[in-house]
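Participant: The structure follows.
The values are calculated or read from the model by the stated rules, or taken from the named source; none is laboratory data. This is a predicted model, so every value here is computed, not measured. Cβ placement follows ideal geometry from the backbone for every residue including glycine, while neighbour counts extend to all protein chains displayed. We work out accessible area using only protein heavy atoms, side chains counted, and drop any ligands, DNA or RNA first. Shrake-Rupley method; radii C 1.70, N 1.55, O 1.52, S 1.80 Å.
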Amino acid sequence: MDGPDKNALLAWISADDHLVSEVKELSGSAGYTIIEEVRQKRDEPDPRFYLGSGKILELTGDFDHLILPNDLTPSQSFSIHMATGLKVVDRVRLILEIFRKGATSPESRIQVELADLHHQLPIVREYVHSGKLSEKPGFMAGGEYRVDYYFHMIKRRMAKLRKELRRISERREEARALRKRRGAHLVSLAGYTNAGKSTLLNRLIADRNMEKRGKVGDHVFTTISTTTRRMIGPRNCLVTDTVGFIQSLPPWLFEGFRSTLEEAFLSDIILLVLDVSDHEDEVSRKLESSMRILSEGETSARIILVANKIDRIGDGALLDMDYLLGLVPKELCGMITDRVEISARTGESLDDLQAKIESLLPPLLQLEMVIPQNEMGYSLLSKIRRSHPNLDVNHGDDGIRGTLLTEERWARSLGKLVESHGGSVKISQMTDLEEQVGDFQPL
């Protein structure tokens, strides 16, 4: 297995200049050190070698890996390796290596393994069809029989992994149905990788325990597994962080992580986090890419565009969101319900974000109840607390006094339940939004 630092040559054609900055960031996150760069002026990739056949033969130096910013075909990967002897790493290979490093949950590990095998399968097929099987080192050495056996082993393993993912997806669906029965709302964080979603998650969650916080890092794909926590404030609301988006993922790779992204697609509200400290062209490209993924996911959630990292915009610079949105197709921008400009790192304007979230959810009513101090009363109190953790309790001479904020659909049924146990209830309308939301505390 390769060590943490792997020396590599980065080579590309001029037609792919726009991919270079992204692949450099991916290379660093995957543990590669780019020690040399080669750019060939070319309008179209060579069908066999990506680079021209003459340029390929010139690639020599103190490196073992060749990084190419495009998504190569299996035959191109095979041909380049056979011509150079280098380990070929295209953009998809980089993403898979980063995913493997970041996968911590059983589901994410299965997803990464399935995607990895899907990527290997057509390349192995090239070796099966090749007459040069013995020239491939490592697991493919040993002739056609060994490679053909490995090819069929991959297909059997993929079938088993897909079956396991279906079971996990079914359990996730059951958990979503249970949350809805208990009246919980789901707010999902979505957006391009490294936009600041995990930092925002840590601002929004109610539990300030360090172990409960999302993993934060200044590199791509810090989050691979889905992280769900209770949201700050009195409402029964959950906030979840999912794997970051990236432009032009192959359909099979997107499909492999679809069960994870479903948490976002099926949520009540999506916070689409956008890093607005990037160059204008990058911001509009990432916004359009993110909106297309949400559109392909057929989400019906209300979307709040969260322009993040405003603290990193230079002094005197103005953020013109109307102009940026004008660069994105109208049919995609029409999906956005609201927008807000924040800094998740400093906490600037996070109260505005929470107010916008609250405005899209049903209004809260205040419930004041008095429950008898007996066995049935304490049992009822325990039951109410399970669905309403914001319940505030005081013990008085006349019984157990409880106060909570809840939505109308629960207020009426809770009132009848308390009265059926010999208690009394007073329901009043909340008019001040500030009373409904909690304060954001420094991390």
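Participant: Using the structure shown, decide if I34 is outside any loop (DSSP other than H, G, I, E, B), at pLDDT 90 or above and buried (at least 18 other Cβ atoms within 10 Å of the Cβ). Steps first, please.
Facilitator: Values: outside any loop (DSSP other than H, G, I, E, B): yes; at pLDDT 90 or above: yes; buried (at least 18 other Cβ atoms within 10 Å of the Cβ): no.
So I34 fails the test.
Participant: Now for a separate question. Taking segment 381-416 only, how many residues are in a helix (DSSP H, G or I) and either crowded, with 16+ Cβ neighbours inside 10 Å or touching a Leu at 6+ places or on another chain (Cβ under 7 Å) (or both)?
Facilitator: Looking only at that region, the number is 9.
Participant: Looking at R125, R100, R39, R109 in this structure, which one is open to solvent by 40 Å² or more (accessible area, probe 1.4 Å), under 14 Å from W12 (Cβ atoms) and not in a loop (DSSP other than H, G, I, E, B)?
Facilitator: R39
Participant: What is the residue count in segment 196-237 for residues that are modelled with pLDDT under 75 and either open to solvent by less than 20 Å² (accessible area, probe 1.4 Å) or not in a helix (DSSP H, G or I) (or both)?
Facilitator: Initially, segment 196-237 is screened for residues modelled with pLDDT under 75, giving 206-226, 234.
Still in the list and also either open to solvent by less than 20 Å² (accessible area, probe 1.4 Å) or not in a helix (DSSP H, G or I) (or both): 206-209, 213-226, 234.
Number satisfying all stated conditions: 19.
Participant: Additional query: Mind checking which pairs have a first residue in segment 322-339 that is open to solvent by 60 Å² or more (accessible area, probe 1.4 Å) and a second that is part of a helix (DSSP H, G or I), Cβ under 6 Å, 6 or more apart or different chains?
Facilitator: If the second residue must be part of a helix (DSSP H, G or I), the pairs left are L327/S284.
Participant: Scan segment 79-91 and give yes if some residue there is in a helix (DSSP H, G or I) and closer than 30 Å to T227 by Cβ, otherwise no.
Facilitator: yes
Participant: Among the residues of segment 284-294, is any surrounded by fewer than 17 Cβ atoms within 10 Å (Cβ to Cβ) and modelled with pLDDT of 80 or more?
Facilitator: yes
Participant: Out of (1) at pLDDT below 80; (2) open to solvent by 50 Å² or more (accessible area, probe 1.4 Å), what's the single condition that is false for T193?
Facilitator: All conditions pass for T193, except number (2).
Participant: In segment 60-84, which residue that is among the aliphatic types (A, V, I, L, M) and touching a strand residue (DSSP E or B) at 6+ places or on another chain (Cβ under 9 Å) is nearest to G28 (Cα to Cα)?
Facilitator: Result: I67.
Participant: Then there is this: Hey, any hits in segment 75-93 for a residue that's touching a Lys or Arg at 6+ places or on another chain (Cβ under 9 Å) and at positive phi?
Facilitator: Taking every residue of segment 75-93 in turn, none turns out to be touching a Lys or Arg at 6+ places or on another chain (Cβ under 9 Å) and at positive phi.
Participant: Could you check M140 against (1) modelled with pLDDT under 85; (2) under 20 Å from T242 (Cβ atoms); (3) of a type outside the set (S, T, N, Q) and say which number it fails?
Facilitator: Every condition holds for M140 apart from (2).
Participant: Could you check D352 against (1) at pLDDT 90 or above; (2) closer than 22 Å to G183 by Cβ; (3) open to solvent by 70 Å² or more (accessible area, probe 1.4 Å) and say which number it fails?
Facilitator: (2)
Participant: Answer yes or no as to whether T84 is under 30 Å from L165 (Cα atoms) and crowded, with 17+ Cβ neighbours inside 10 Å.
Facilitator: Judged against the criteria, T84 is not a match.
Participant: With the checklist (1) more than 30 Å from L200 (Cα to Cα); (2) touching a residue at least 24 places away in the same chain (Cβ under 8 Å); (3) among the β-branched types (V, I, T) in hand, flag the one item T403 doesn't pass.
Facilitator: Looking at each condition in turn, T403 falls short on (1).
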